[in-house]
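Q: Let me give you the structure first, and then I'll get to my questions.
The values are calculated or read from the model by the stated rules, or taken from the named source; none is laboratory data. This structure is a prediction, so every number in the text was calculated from the model and none was measured. Here the Cβ positions follow ideal geometry from the backbone for every residue, glycine too, while neighbour counts run over all protein chains shown.
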């Protein structure tokens, strides 16, 4: 199994996908997940007027660094909104970019709306995914639906567990529609991870590796929460998982705007870049240690 992480890791320090890729490669990662949400926030990169030049620039950067983009995550939005045409077009741009970079798997979150039943949620999401899958056929890209984090809101259903995730995949019933398994979200459920992974089987085409205390979606570094990596690894080996072991750790350092303010001096309001880069190197070593423990680490 090969290690990967998201280009969003260093976005808060660089504001540049190319620069983030450089820092991540320096930490040891040879495989990366392109976070389209970074571009979406300020309409840059793939959402700029010169997006075809961005396609070329990212491809050139990957070749220069000797790295490979292996999966991607589309922006968060409101898939089931009545006026979702623009969001669908923005997500289709991600599919096009994946085609240009040879990325085989794109994570696209399903949507939810208060008052919908399970079957109505499946049906509305199938309508949302239909034009994206048509685009995916053109570029030979898998669209992956994710298990959400657990949330209790009266009258609201969303897909947050393995049985329902499998139900969504089987309902859409398309050869390019599969699942990404977020182990942190799954850590908020009662079902053991190995059991959940065996249920999903070959539909699991990608992973999001992150941790929490089981109560909220904290996106912590593994071993800082209650996640059982043994359960995850046993499940992955049981299903013969051939994809990447991809980190989605956003909670390494709390953002400056979440910390108690101190206006007199802000030198340490945000962790220094050098310390963040050290943590990125640690993340690589952690992943390598996990995979080596199960004799499945690949360069």
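Q: For the range 215-225, check the following and say yes or no: at least one residue is more than 17 Å from the chain's Cα centre (by Cα) and crowded, with 18+ Cβ neighbours inside 10 Å.
A: The answer is yes; a qualifying residue exists.
Q: Please specify each residue of the range 43-77 satisfying the condition of being surrounded by fewer than 17 Cβ atoms within 10 Å (Cβ to Cβ) and within 24 Å of residue 148 (Cβ to Cβ).
A: Listed by number, the list holds a single entry, 76.
Q: Still on this structure, please answer the following. Just to be sure before I move on: is residue 230 over 28 Å from residue 38 (Cβ atoms), without any contact (Cβ under 8 Å) to a residue 12 or more places away in the chain, assigned to a helix (DSSP H, G or I) and out of contact with any strand residue (DSSP E or B) (no Cβ under 9 Å at 6 or more places or on another chain) in the structure I sent?
A: On the way: over 28 Å from residue 38 (Cβ atoms): yes; without any contact (Cβ under 8 Å) to a residue 12 or more places away in the chain: yes; assigned to a helix (DSSP H, G or I): yes; out of contact with any strand residue (DSSP E or B) (no Cβ under 9 Å at 6 or more places or on another chain): yes.
Answer is yes for this residue.
Q: While we're here: Give 37, 99 a once-over and let me know the one that is out of contact with any strand residue (DSSP E or B) (no Cβ under 8 Å at 6 or more places or on another chain) and at pLDDT 95 or above. Before you say what the answer is, go through the steps one by one.
A: On the way: 37 fails: out of contact with any strand residue (DSSP E or B) (no Cβ under 8 Å at 6 or more places or on another chain).
Residue meeting the stated conditions: 99.
Q: Can you name every residue in the range 179-201 that is within 18 Å of residue 225 (Cα to Cα), out of contact with any helix residue (DSSP H, G or I) (no Cβ under 8 Å at 6 or more places or on another chain) and surrounded by fewer than 16 Cβ atoms within 10 Å (Cβ to Cβ)?
A: 190 - this is the single residue of the range 179-201 that is within 18 Å of residue 225 (Cα to Cα), out of contact with any helix residue (DSSP H, G or I) (no Cβ under 8 Å at 6 or more places or on another chain) and surrounded by fewer than 16 Cβ atoms within 10 Å (Cβ to Cβ).
Q: Now for a separate question. Could you grab the pairs with beta carbons closer than 6 Å, sequence gap of 6+ or different chains, first residue in the range 53-80 and modelled with pLDDT of 95 or more, second one surrounded by fewer than 13 Cβ atoms within 10 Å (Cβ to Cβ)?
A: none
Q: Taking the range 223-271 on its own, how many of its residues are at pLDDT below 95 and touching a helix residue (DSSP H, G or I) at 6+ places or on another chain (Cβ under 6 Å)?
A: 3
Q: Right, something else. In the range 138-178, what residues are in a helix (DSSP H, G or I) and surrounded by 13 or more Cβ atoms within 10 Å (Cβ to Cβ)? Full working, then the answer.
A: Taking the range 138-178 as the starting set, the residues that turn out to be in a helix (DSSP H, G or I) are 138-139, 162-172.
Matches in the range 138-178: 139, 162, 164, 165, 166, 167, 168, 169, 171, 172.
Q: Mind checking which residues of the range 61-99 are in a loop (DSSP other than H, G, I, E, B) and farther than 19 Å from residue 27 by Cβ?
A: In the first step, residues of the range 61-99 are kept if they are in a loop (DSSP other than H, G, I, E, B); the result is 66-67, 74-84.
Matches in the range 61-99: 74, 75, 76, 77, 78, 79, 80, 81, 82, 83, 84.
Q: Residues that are farther than 18 Å from residue 178 by Cβ and outside any helix (DSSP H, G or I): does the range 117-131 have at least one?
A: Checked against the condition, which is being farther than 18 Å from residue 178 by Cβ and outside any helix (DSSP H, G or I), the range 117-131 yields at least one hit.
Q: Do the conditions hold for residue 245, that is, is it surrounded by 13 or more Cβ atoms within 10 Å (Cβ to Cβ) and closer than 23 Å to residue 295 by Cα?
A: Values: surrounded by 13 or more Cβ atoms within 10 Å (Cβ to Cβ): yes; closer than 23 Å to residue 295 by Cα: yes.
When the stated conditions are applied, residue 245 passes them.
Q: Among the numbered criteria (1) free of Cβ contacts under 8 Å to residues at least 60 places away in the same chain; (2) touching a strand residue (DSSP E or B) at 6+ places or on another chain (Cβ under 6 Å); (3) within 30 Å of residue 279 (Cα to Cα), which single criterion is violated by residue 44?
A: (2)
Q: Here is a further query. Which residues, counting only those in the range 4-41, are in contact (Cβ under 8 Å) with a residue 60 or more places away in the chain and surrounded by fewer than 24 Cβ atoms within 10 Å (Cβ to Cβ)?
A: Quick first cut of the range 4-41, residues in contact (Cβ under 8 Å) with a residue 60 or more places away in the chain only: 4-6, 8-10, 12-13, 23-24, 26-31, 33-34, 36.
Correct list: 8, 12, 13, 23, 26, 27, 28, 30, 31.
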